Amino acid sequence: MTRAVRSKSIPTYLRAFLGLALVMGFIGCKVGPDYRRPALPMPTDWEVEPQSLSLEQQENLCFWWKNLNDPELDAIIEHVVSANLSLQEALQRIEEARAIERATAALARPDAFATGSSQYRQFSKTGNAFIPQGTAFQLHSVGFDTSWEIDLWGKLKRLRSAAIADREAITEAYHDLQISLCAETAKTFVEVRILQARLAIAERNMTIQGETVKLAESRQQAGLVTYLDVAQGMSEFHTTESLVPVLRQQLQQAALRLCVLQGIMPTLQQMEQLGAGPIPGIPESLNFGMPQDLLRRRPDIRKAEQDMIRECERIGVATADLYPQLTLTGIVTLDSRDLSTLFNPDSIAHTVGPAFRWNILSLGRVRNKIAAQDAKFKQSVANYQETVLAATEEALGSMIAVQEERHRAYALSRAT
């Protein structure tokens with residue numbers, strides 16, 4: 001480290017410059033575009049029965065599976081939310097993003113570190129005309145260095161905003177995964193109950209059909225019917241019998257899937273733990289709410305918007321490289337040839353002053369980086385618009401499916 005020139009006080013011009021730099025650091029402008037949500041027409045009428053929901057009703061939608069009124073399903077989903085391994089992995093990604101955000105925020109604060117060295121210096125006898133030939137000495141030094149990049153163009157502010165948007169996007173991805181896993185759990189649980197009911201029906205049918213075969217055999221022995229009636233009865237019996245292994249296989253696979261969703265080792269003992277129970281009933285009204293509110297609640301749309309914000313902020317980060325970067329540095333050291341006098345006041349040396357860096361010969365490369373980042377932002381805009389369209393299609397399709405299935409269920413119930 002070069003030894004600092006001693007000075008009893010900081011020059012007046014330097015103090016004024018430091019004050020101006022501090023003011024500009026706090027007020028500094030931001031270059032690059034500011035984020036604006038792209039205009040995208042939202043549906044106003046989905047040809048269903050939308051209705052406004054109260055705040056309490058919207059909060060209850062977070063626990064929609066409770067409308068199925070099955071305590072066992074409630075317990076399984078609670079275990080999925082707390083123990084599912086995919087959710088645990090997603091939670092750690094959120095913690096990673098939070099740590100990156102804190103590290104990015106620290107870039108706007110002064111950077112400081114301690115230094116220390118102990119060197120033996122032997123000068124050349126022929127290489128320096130200003131130092132006596134063969135001079136050698138021991139130099140001990142301890143000090144404190146600090147530097148602070150003045151955020152004149154908003155680069156550090158935009159870096160932090162991009163980190164915040166990235167964290168929010170990862171959080172929304174976690175919420176999206178949580179919703180998907182809860183839906184898959186509820187669907188699989190209902191499938192288990194349906195398969196249990198179908199298996200019980202098949203076994204009862206086998207009993208009835210077995211008795212029918214015996215009756216046909218008795219009637220055939222009495223000469224009342226031909227063997228054809230016996231053969232038809234046996235065919236129906238064995239056809240039903242062939243369905244039992246298929247239903248049992250599907251039931252076991254569904255039970256194993258519930259194990260994985262809960263983050264536990266898949267075993268067939270899960271079948272015994274599930275037990276038997278009725279098929280959960282669908283509530284009369286699902287309370288979809290207004291179409292716009294339904295879309296705003298979707299985490300996939302919120303994630304896509306946070307991705308746009310992040311890429312927009314990074315355009316400003318790249319744009320800031322077109323302008324000079326200003327840094328304030330300060331160095332305070334204690335230098336002495338003798339270790340015993342290292343901490344004397346006369347050993348104090350300091351350096352303070354501004355420095356700037358400007359990539360004037362690399363502006364073409366910087367502009368290409370800006371163009372590349374702008375293209376990434378436009379990609380995120382297209383992804384956001386496509387996500388909204390796909391979400392609208394999925395939501396509307398699901399609403400229509402629910403309504404039509406109600407009509408179908410009513411017709412089947414009358415047929416039964």
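The values are calculated or read from the model by the stated rules, or taken from the named source; none is laboratory data. Quick caveat: nothing in here was measured; it's all calculated off a predicted structure. Cβ sites come from the backbone with ideal geometry, for glycine too, and all protein chains shown count toward neighbours. Just so you know, the surface numbers come from the protein's heavy atoms only, side chains and all, with ligands and any DNA or RNA stripped out. Shrake-Rupley method; radii C 1.70, N 1.55, O 1.52, S 1.80 Å.
Being out of contact with any Leu (no Cβ under 7 Å at 6 or more places or on another chain), part of a helix (DSSP H, G or I), under 21 Å from GLU284 (Cβ atoms) and of a type outside the set (Gly, Ala, Ser) is a property that ARG367 lacks. For the stretch 59-75, a residue qualifies if it is touching a residue at least 12 places away in the same chain (Cβ under 8 Å), out of contact with any Asp or Glu (no Cβ under 9 Å at 6 or more places or on another chain) and open to solvent by less than 70 Å² (accessible area, probe 1.4 Å), and the qualifying residues are LEU61, ASP70, GLU72, LEU73. At pLDDT below 95, closer than 14 Å to ILE94 by Cα and among the charged types (D, E, K, R): which single residue out of ASP145, ASP176 fits that description? After applying the criteria, what remains is ASP176.
Within the stretch 261-270, restricting attention to residues that are of a type in the set (A, V, I, L, M) and over 13 Å from PHE189 (Cβ atoms), the residue that is surrounded by the most Cβ atoms within 10 Å (Cβ to Cβ) is ILE264. Scanning the stretch 284-302 for residues that are assigned to a helix (DSSP H, G or I) and either surrounded by fewer than 18 Cβ atoms within 10 Å (Cβ to Cβ) or modelled with pLDDT of 70 or more (or both) yields GLN292, ASP293, LEU294, LEU295, ARG296, PRO299, ASP300, ILE301, ARG302. Kindly evaluate PHE377 against the criterion of being assigned to a loop (DSSP other than H, G, I, E, B) and not aliphatic (A, V, I, L, M). In short, no.
List the number of the failed condition for THR329; all other conditions in (1) in a helix (DSSP H, G or I); (2) closer than 16 Å to ARG357 by Cβ hold. With (1) in a helix (DSSP H, G or I); (2) closer than 16 Å to ARG357 by Cβ applied to THR329, the lone miss is (1). Of the numbered criteria (1) in a helix (DSSP H, G or I); (2) modelled with pLDDT under 85; (3) touching a helix residue (DSSP H, G or I) at 6+ places or on another chain (Cβ under 8 Å), the one VAL225 fails is (1).
For residues in the stretch 148-170 being among the β-branched types (Val, Ile, Thr) and modelled with pLDDT of 95 or more, which is nearest to LEU85 (Cα to Cα)? Top of the filtered list is ILE170. Taken together, GLU191, GLU168 contain a single residue that is acidic (Asp, Glu) and closer than 30 Å to GLY275 by Cα, which is GLU191.
Of the residues making up the stretch 189-228, those that are crowded, with 16+ Cβ neighbours inside 10 Å and closer than 30 Å to PRO71 by Cβ number 11.
Yes/no matrix, rows are residues, columns are (1) more than 36 Å from the chain's Cα centre (by Cα); (2) over 26 Å from ASP151 (Cβ atoms):
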{"residue": "LEU258", "(1), (2)": "no, yes"}
{"residue": "PRO266", "(1), (2)": "no, yes"}
{"residue": "ILE279", "(1), (2)": "no, yes"}
{"residue": "GLU284", "(1), (2)": "no, yes"}
{"residue": "LEU294", "(1), (2)": "no, yes"}
{"residue": "ILE301", "(1), (2)": "no, yes"}
{"residue": "ASP321", "(1), (2)": "no, no"}
{"residue": "SER336", "(1), (2)": "yes, yes"}
{"residue": "ALA349", "(1), (2)": "yes, yes"}
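Scanning the stretch 171-195 for residues that are polar (S, T, N, Q) and more than 9 Å from the chain's Cα centre (by Cα) gives GLN178, SER180, THR185, THR188. Scanning the stretch 248-260 for residues that are more than 17 Å from LYS187 (Cα to Cα) and among the small types (Gly, Ala, Ser) turns up nothing. Take ARG367 and decide whether it is in contact (Cβ under 8 Å) with a residue 12 or more places away in the chain and open to solvent by 80 Å² or more (accessible area, probe 1.4 Å). Judged against the criteria, ARG367 is a match.
In this structure, VAL244 qualifies as modelled with pLDDT of 90 or more and assigned to a helix (DSSP H, G or I). Scanning the stretch 140-188 for residues that are crowded, with 16+ Cβ neighbours inside 10 Å, closer than 30 Å to ILE331 by Cα and among the hydrophobic types (A, V, I, L, M, F, W, C) turns up VAL142, TRP148, ILE150, LEU152, TRP153, LEU156, LEU159.
Only a single criterion out of (1) at pLDDT 90 or above; (2) of a type in the set (Asp, Glu); (3) open to solvent by 70 Å² or more (accessible area, probe 1.4 Å) is not satisfied by ASP338, namely (1).
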